[in-house]
1. Take segment 87-100 and flag every residue that is crowded, with 24+ Cβ neighbours inside 10 Å and either free of Cβ contacts under 8 Å to residues at least 60 places away in the same chain or among the aromatic types (F, W, Y) (or both).
2. Looking only at residues in segment 181-199 that are of a type in the set (A, V, I, L, M, F, W, C) and either under 16 Å from V329 (Cβ atoms) or without any contact (Cβ under 8 Å) to a residue 60 or more places away in the chain (or both), which one is surrounded by the most Cβ atoms within 10 Å (Cβ to Cβ)?
3. When segment 212-249 is examined, which residues are found to be among the β-branched types (V, I, T) and over 28 Å from Y293 (Cβ atoms)?
4. Tell me which residues, restricted to segment 200-229, are closer than 17 Å to Q141 by Cα, surrounded by fewer than 21 Cβ atoms within 10 Å (Cβ to Cβ) and among the aliphatic types (A, V, I, L, M).
5. Kindly indicate the residue of segment 162-177 that is more than 18 Å from V20 (Cβ to Cβ) and surrounded by fewer than 21 Cβ atoms within 10 Å (Cβ to Cβ) and also modelled with the highest pLDDT among those meeting that condition.
6. Hey, among L134, L122, which residue is under 30 Å from Q17 (Cα atoms) and surrounded by fewer than 20 Cβ atoms within 10 Å (Cβ to Cβ)?
7. Check off (1) modelled with pLDDT under 90; (2) of a type outside the set (D, E, K, R); (3) in contact with a strand residue (DSSP E or B) (Cβ under 6 Å, 6 or more places away or on another chain) for P229 and give me the number that stays unchecked.
8. Would segment 167-177 turn up any residue that is in a strand (DSSP E or B), of a type in the set (K, R), touching a residue at least 24 places away in the same chain (Cβ under 8 Å) and within 19 Å of T321 (Cα to Cα)?
Amino acid sequence: MSTMSLRHDFRSRPAEQVRVVVFGATGYIGRFVVKELVNRGYQVVAFARERSGIGGRQTQNDVIADFPGAEVRFGDVSDPASLAANAFDQPTDVVVSCLASRTGGRKDSWAIDHQATLNTYLKGREAGVAHYVLLSAICVQKPLLEFQKAKLAFEAALQADGEMTHSIVRPTAFFKSLGGQVESCRKGGPYVMFGGGTMASCKPISEADLARFMADCLRDADKINQVLPIGGPGQALTAREQGEMLFRALGRTPRMLSVPIALMDGPIALMDGLSRIFPGLQDTTEFGRIGRYYASESMLVWDQHNQRYDADATPSYGEDTLEQFFERVVRDGMAGQDLGDAALF
């Protein structure tokens, strides 16, 4: 199909005449993106695996029931033929990709964050897709991990397209990734942090606010062909401040446990050495590196010139605050906040 067939007039058409395919639709953010786009009146196709959700718990009927107002299609993002038959069997205007590797392991990262996402781009282009909205991550600014390198490789392919426009959304931390200690602290345990809890900061954003920002990318002129770092409202929060906020929600005196970051280095180095002999350990080593990265690196805009993270340069969006999130999960529990197959994200 000629590149001239790209449907660039979609921004001038009413939402109900714009076809949007969402990949990663059953994921943590994808579910909210689908519902937001449906609420805005778009023709939404939610693309999912035949068994989806954490551990494949969701059946096809579960997924269909979860997305009223959307057309649900099933297939395999790793198979271009499946995408052509099940996602792009008719002209399409926009792709929104919320695909992400489930574990962050090396093979999984390159299979999903790069190749599967690339498949959706290439087959979408054949279907006339004019705009591609990508859910990336702010941490790709300092790519030390395989999933970051895989995401950047796809970002580069997307940016090289001179005709299809794009919006690359790089959110800071999600609320769910900061909620992993709620239950342990509720049961009397300490809030565990590294290096005094001041090494890393973030502006966490809720799933609903992030979904709204991604939906804005379909229409807003200032989001076309842009890399868009985005955080939630308010000031950047250190790990210590997050822990203190959690204990306020629990109505308890803070009980904090600071662990030296250096304690992570020895086991990672050991596993790295062993993985050279036993390749099956490579992912275990990578998981250790992921944990250390998130313990020591801020999820904020990186100022390359001054070699520092810049909270003021990290845009804020939305209304939901981490404090409200903690109050809600203390009251209602962590239902709907599944931490994924690897609780490192």
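The values are calculated or read from the model by the stated rules, or taken from the named source; none is laboratory data. Remember, predicted model here, so these are calculated numbers, not experimental data. Cβ placement follows ideal geometry from the backbone for every residue including glycine, while neighbour counts extend to all protein chains displayed.
1. F88
2. First pass over segment 181-199, keeping only residues of a type in the set (A, V, I, L, M, F, W, C): 182, 185, 192-194, 199.
Remaining after also requiring either under 16 Å from V329 (Cβ atoms) or without any contact (Cβ under 8 Å) to a residue 60 or more places away in the chain (or both): 182, 185.
Values: V182: 20, C185: 22.
The qualifying residue surrounded by the most Cβ atoms within 10 Å (Cβ to Cβ) is C185.
3. Step one: list which residues in segment 212-249 are among the β-branched types (V, I, T), which gives 224, 227, 230, 238.
Within segment 212-249, just I224 meets the criteria.
4. Of everything in segment 200-229, just one residue is closer than 17 Å to Q141 by Cα, surrounded by fewer than 21 Cβ atoms within 10 Å (Cβ to Cβ) and among the aliphatic types (A, V, I, L, M), namely V227.
5. Looking only at segment 162-177, we keep the residues that are more than 18 Å from V20 (Cβ to Cβ), and these are 162-163, 170-177.
Going one step further and asking which of them are surrounded by fewer than 21 Cβ atoms within 10 Å (Cβ to Cβ), we end up with 162-163, 177.
Working: G162: 90, E163: 93, S177: 83.
That would be E163.
6. Unique residue meeting the criteria: L122.
7. Only one criterion in (1) modelled with pLDDT under 90; (2) of a type outside the set (D, E, K, R); (3) in contact with a strand residue (DSSP E or B) (Cβ under 6 Å, 6 or more places away or on another chain) is unmet by P229, namely (1).
8. Our first condition is that a residue be in a strand (DSSP E or B); within segment 167-177, this holds for 167-171, 174.
Applying the additional criterion that residues be of a type in the set (K, R) yields 170.
Narrowing the set further to residues that are touching a residue at least 24 places away in the same chain (Cβ under 8 Å) leaves 170.
Pick out the ones that are also within 19 Å of T321 (Cα to Cα) and you get 170.
Yes, there is a match, as at least one residue in segment 167-177 is in a strand (DSSP E or B), of a type in the set (K, R), touching a residue at least 24 places away in the same chain (Cβ under 8 Å) and within 19 Å of T321 (Cα to Cα).
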